[in-house]
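See below for the structure under consideration.
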Amino acid sequence: MNIQEEISSAVQQAVAALYQQEIGDVILQPTNKEFEGTYTFVTFALTKTLRQAPAQIGQAIGNWLVDNTSVVQAFNVVQGFLNLSVADAAWREVLTDMATNPSFGTLPATGKSVMVEFSSPNTNKPLHLGHLRNNFLGDSVSRILAANGYDVIKTCIVNDRGVHICKSMLAYQRFGNGETPESSGMKGDHLIGKYYVLFDKAYKAEIETMVAQGTDKEVAEKTAPLMQTVQQMLRQWEQGDPEIIALWNKLNTWVYAGFDTTYRSIGVTFDKTYYESQTYLLGKEIIEEGLQKGVFYRKDDNSVWIDLTEEGLDQKLVLRSDGTSVYMTQDLGTTELKYSDFNCDRQIWVVGNEQDYHFNVLFAIMRRLERPYANELYHLSYGMVDLPTGKMKSREGTVVDADDLIQETTDAASAAADDAAKGKLDGFTEAEKTSLFEMLGLGALKYYLLKVDPQKRMQFNPAESVDLHGNTGPYIQYVYARIRSVVRKAAEMDVAIDGAIAATDLDDIEQQLIFLLSQFPQRVADAGQNLAPSYIAQYAYELAKTFNQFYDKLSILKETDAEKLNNRLILSNLVAETIRKAMGLLGIDVPEKM
């Protein structure tokens, strides 16, 4: 039963019966909390057509709905706002429909496919806090789109080639002395990240020396010996130099092992991983095609460009004068390859807003090349994540590594849970405690990063994220565990839950819970439409908070009326299941006990 649709249809019938007029779609909105009611119909727009005052129209329609429908049991009129209260019988029917529908919250299949590309790590450093927002956002958007009926393909592009990769390779070659992950006791991605930082320090030292000797700083940055050697290494790599390729393979193998460990710890998987080292040549082929079509042009120094001034994007380099690739080269190849592999109806890139210009250019080039998929490319641009100490910079070693942050948040969750539990965890084994704290820590981290609108820049505070009160992941996880505890206690009391909803009166807070539960499919649809996990996060918090109000106001297990007890257990069960589904869309697990 869809109460909103029934009331909308009934309002149309009321106007036809009372005024012999037909009106278009009826828009209902949630009633302001200051007034009694669930839905509000605004009558101001009808005054000219019906030639009556807004309040008079509201009074007439309200009386008709009470007299002629079983959905509306009462109403009140505030000027031109008709506030409608839904009958208990209708709420019980809605509760029955939701409780007996195992796919509640999952929308019908669309028959369309969408590819979501996210993560995009570089093999010169470990994943960091910024990558976590990217991964959590991409994973959650994928889950939400699947719940919206799309066939979702999750892909990752690994930036495994280029100048930045050669920087860590050169630093290892110069300063590594044969160090390995085993000899250092470091994860492979952390080890190579160390050499990326070492390169930057050595490079800056060279620049300072050159500037002190009278060289212009910009000239020094381009002609410093280390930078010249890096550029030469990149050319050697593209030419297939065996020694350079062997070093590249060895270091990347260490990094991939480190990435895999992190991905497993955060619960993120991909259907396919692409590597820029395998796509840049295809990008060069596309550029050659574009040169023949006149889409690109070659300058006197042999570099290749595109003029996008008509699109307000200026001129863009797509291939260097020495023939080596730039980011755009490989992105052209990757985009083409992804469409060739999966033929998806839509491609989405989850990438920070610092790359807005890059994707505007990429999509414009694909339109110029008249690719059939060019109009279905979308950049999900999100804001950067800062620390209380400011912006992170990988080359300066001021980032917070993902592994370290996950451990820090887990430790903070452990301390917060121990403090709040006050002995309630005594029955847990050490393994159960470890599992719980990891679940709470990761849930805190994911929720904190996902509850904010993706487009907003944000600051991450680990201590705030694990608070068991307020709008946090652990708070919602705790409410779920509380409900599961109530259900277990009911079973211990031999209280069997009858699947049928009894015809009892409903308290206002029960009506609020049922109403909020009924909004779940629409919230999922809205989140999918806007690619915004924050919609789901806010919904999960609203639902958890409203359940706590219900729990504080009404007795469940101490209720002596068997029918009311049964209804409240069914309602509680449905809240728990919906919280589990909502948190699942965020990639967050919920504990059975806590």
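For the reader, a short list of remarks on this structure follows.
- Assigned charges on the beta-carbon of Lys, Arg, Asp, Glu; the chain dipole about Cα centre (debye): 560 debye
- Dipole of the stretch 402-585, positive end: most advanced residue of A502, N461, A532 [Cβ charges, Cα centre]: A532
- Residue exposure proxy: T38, T329, ordered by other Cβ atoms within 10 angstrom of their Cβ from fewest to most, comes out as T38, T329.
- Computed over neighbours whose Cβ is under 13 Å from that of E376, the net charge equals +4, Lys and Arg +1, Asp and Glu -1.
- Order of H131, H190 under a 10 Å beta carbon neighbour criterion, fewest first: H190, H131
- Cβ-Cβ FRET estimate between D341 and D411, R0 fixed at 41 Å, reported to 0.05: 0.50
- Reciprocal of mean inverse Cα separation for the stretch 402-585 (Kirkwood radius, Å): 17.7 Å
- Of all beta bridges that DSSP places with both ends in the chain, some 50 percent have antiparallel geometry.
- Between E221 and A500, full extension at 0.36 nm per residue minus the direct alpha carbon distance yields a gain of 92.9 nm.
- The stretch 1-55 shape via C-alpha gyration tensor axes, a/c threshold 1.5: oblate
- Burial order of peptide ranges 523-533, 96-106 (average beta-carbon count within 10 Å, highest first): 523-533, 96-106
- Calculated from the structure at hand, semi-axes √(5λ) of the Cα gyration tensor in Å is found among [x] 44, 28, 19; [y] 55, 32, 19; [z] 60, 32, 23 as [y].
- In percent, rounded to a whole number, the relative contact order of the stretch 402-585 is 23, using alpha-carbon pairs under 8 Å and six or more apart.
- Tilt relative to the chain, helix 520-530 - C-alpha long axis, 0 to 90 degrees, to 10: 30 degrees
- Simple point charges give the picture: +1 on the Cβ of Lys and Arg, -1 on the Cβ of Asp and Glu, and for the stretch 165-234 a dipole about the Cα centre of about 60 debye.
- Relative contact order of the stretch 3-86, taken over Cα pairs closer than 8 Å and 6 or more residues apart, is 30 percent.
- Residues in the stretch 199-216 carry Karplus couplings, in order, of 4, 4, 5, 5, 5, 5, 5, 4, 5, 4, 5, 5, 5, 4, 8, x, 7, 4 Hz; the curve used is 6.51 cos²θ - 1.76 cosθ + 1.60 with θ = phi - 60°, and Gly or Pro positions show x.
- Taking the convex hull of Cα positions in the stretch 161-276, its mean projected area over all directions (nm²): 8.7 nm²
- Here the extension length gained between Q12 and T253 equals 80.1 nm, from 0.36 nm per residue of separation less the Cα-Cα distance.
- Q239 paired with L308, simple spin-label distance in nm, labels 7 Å along Cα-to-beta-carbon: 3.2 nm
- Between 0 and 90 degrees, the angle of helix 430-450 with respect to the longest Cα principal axis of the chain falls at about 90 degrees.
- Förster radius 56 Å - calculated FRET efficiency between E36 and R457 (Cβ-Cβ, nearest 0.05): 0.85
- Helix 3-19 and the long axis of the chain differ in direction by around 50°, with both axes built from C-alpha atoms.
- Members of K112/K272; K446/K593; K451/K489; K272/K316 lying beyond 24 Å, as alpha-carbon distances in this model show: K451/K489; K272/K316
- Whole-number percent relative contact order across the chain, with pairs defined as alpha carbons under 8 Å at least 6 apart: 14 percent
- Note on Q519 and S321: with the Förster distance fixed at 60 Å, the Cβ-Cβ geometry gives a FRET efficiency of about 0.55.
- Gain on full extension, evaluated as 0.36 nm per residue between V211 and M384 minus their Cα-Cα distance, stands at 59.0 nm.
- Footprinting exposure proxy for F270, F547 (fewest neighbouring C-beta atoms within 10 Å first): F270, F547
- Local electrostatic count, R235, Cβ distance below 14 Å [Lys/Arg +1, Asp/Glu -1]: -2
- Local electrostatic count at N101 - Lys and Arg +1, Asp and Glu -1, tallied over other residues with Cβ under 14 Å: -2
- In nm, spacing of pseudo-spin labels at Q232 and T560 (7 Å Cα→C-beta vector): 9.3 nm
Laboratory data are not the source of any read-out in this text; all were calculated from the coordinates shown. From a predicted model like this one, the values you see are computed outputs, not experimental measurements. Don't worry about glycine lacking a Cβ; one is built from the backbone with ideal geometry, like all the others, and counts go over all protein chains shown.
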